[in-house]
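K.L.:
Before we start, here is the structure in question, set down as structure tokens.
Nothing in this text is a laboratory measurement; each read-out follows from the coordinates by a stated rule. Worth saying up front: this structure is predicted, and the values here are computed from it rather than measured. For neighbour counting, all protein chains shown are included, and Cβ atoms are generated from backbone atoms with ideal geometry for every residue, glycine included.
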Amino acid sequence: MSLVNTFESNLLKLIFQNIGLADVGDATGLLPAGAAGNIYVALHTADPGEAAANQAVNEMSYTGYGRKAAVRSASGWTVSGTAPTVADNAAAIQMGENTGSSQTSTDFSLGFAISGSTTIYMKGAAALVVVVAVNPEFAIGALDVSLD
């Protein structure tokens, strides 16, 4: 079984843009949050794992590093396409400036907390292995999350 394209798009809009998902359960469906909040992007030195679901596992630790927020709205994320439906960052996400030694990032994760051993909702391999030297950045549209 797989999700149909319209539901994939609506599910990503609920998660990334805080837009309600109608008709799930009843006509009101899954409602958007009263306050949209943020999705926090973390970088990892290795895959944080499927089972761990912990954003602190293998998280970068260079001097100046911290998770970065992207607001759960159309100004933070775009949702488009079918098969796959993709959520992309609508603005550049620039990580903290490295003022220490270099590290290599191979993976990223998305969660809902600014720090700590918190739940990962989505993760993936970075498009490129990034040697952290100054300010690693996901350019507009470079951080892709897809459902298919």
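K.L.:
Between F112 and V4, how high is the FRET efficiency from 1/(1 + (r/R0)^6) when r is the Cβ-Cβ distance and R₀ = 30 Å? Nearest 0.05. Walk me through the numbers on the way to the answer.
P.N.:
Values: r = 26 Å, r/R0 = 0.88.
Efficiency for this residue pair is about 0.70.
K.L.:
What nm distance separates the two modelled labels at T63 and Q94, each placed 7 Å from Cα along Cα→Cβ?
P.N.:
Here the modelled spin labels are 2.1 nm apart.
K.L.:
Follow-up question, since we're still on this one. With θ set to phi - 60° and the Karplus curve 6.51 cos²θ - 1.76 cosθ + 1.60, what are the ³J(HN,Hα) couplings of segment 22-31 in order, to the nearest whole Hz, using x for Gly and Pro?
P.N.:
5, 6, 9, x, 8, 4, 6, x, 8, 7
K.L.:
Let me ask you something else. Helix-only estimate, please: 222 nm mean residue ellipticity of the chain, summing -39500 (n - 2.57) across DSSP H runs of length 4 or more and dividing by its residues, to the nearest 500. Please report the intermediate quantities before stating the final value.
P.N.:
On the way: 1 runs with 13 residues, N = 148.
Here the helix-only value at 222 nm equals -3000 deg cm²/dmol.
K.L.:
Which of I120, A69, A22 sits closest to the plus end of the dipole of the chain, meaning its Cα is farthest towards the positive end, when Lys and Arg get +1 and Asp and Glu get -1 on the C-beta?
P.N.:
Going by the Cα projections, it comes out as A69.
K.L.:
If R0 is 25 Å, what FRET efficiency do you get for S80 and L31 from their C-beta distance, rounded to 0.05? Working shown, then result.
P.N.:
Values: r = 23 Å, r/R0 = 0.92.
Step by step, r from the Cβ atoms, then E = 0.60.
K.L.:
What's the magnitude of the charge dipole for the chain around its Cα centre, counting Lys and Arg as +1 and Asp and Glu as -1 at the beta-carbon? Answer in Debye, nearest 20.
P.N.:
Numbers: 5 positive and 12 negative charges, 64 e Å.
Its charge dipole is roughly 300 debye.
K.L.:
By per-residue mean of other Cβ atoms within 10 Å, what is the highest-first order of 104-110, 115-121, 25-31? Don't skip to the answer; put the middle values down first.
P.N.:
Values: 104-110: 20.6, 115-121: 14.3, 25-31: 10.4.
For the peptides 104-110, 115-121, 25-31, the packing ranking is 104-110, 115-121, 25-31.
K.L.:
What per residue convex hull volume, in Å³, comes out for segment 5-147 when only alpha-carbon positions are used? It would help to have the intermediate numbers written out before the result.
P.N.:
Numbers: hull volume 15.4 nm³, N = 143.
Convex hull of Cα atoms, per residue: 108 Å³.
K.L.:
Please give the helix 5-17 orientation as an angle from the longest Cα principal axis of the chain, in degrees from 0 to 90, rounded to the nearest 10.
P.N.:
Once rounded, one gets 50 degrees.
K.L.:
What percent do you get for the relative contact order of the chain when only Cα pairs under 8 Å and 6+ apart count?
P.N.:
Details: 344 pairs, mean separation 39.5, N = 148.
27 percent.
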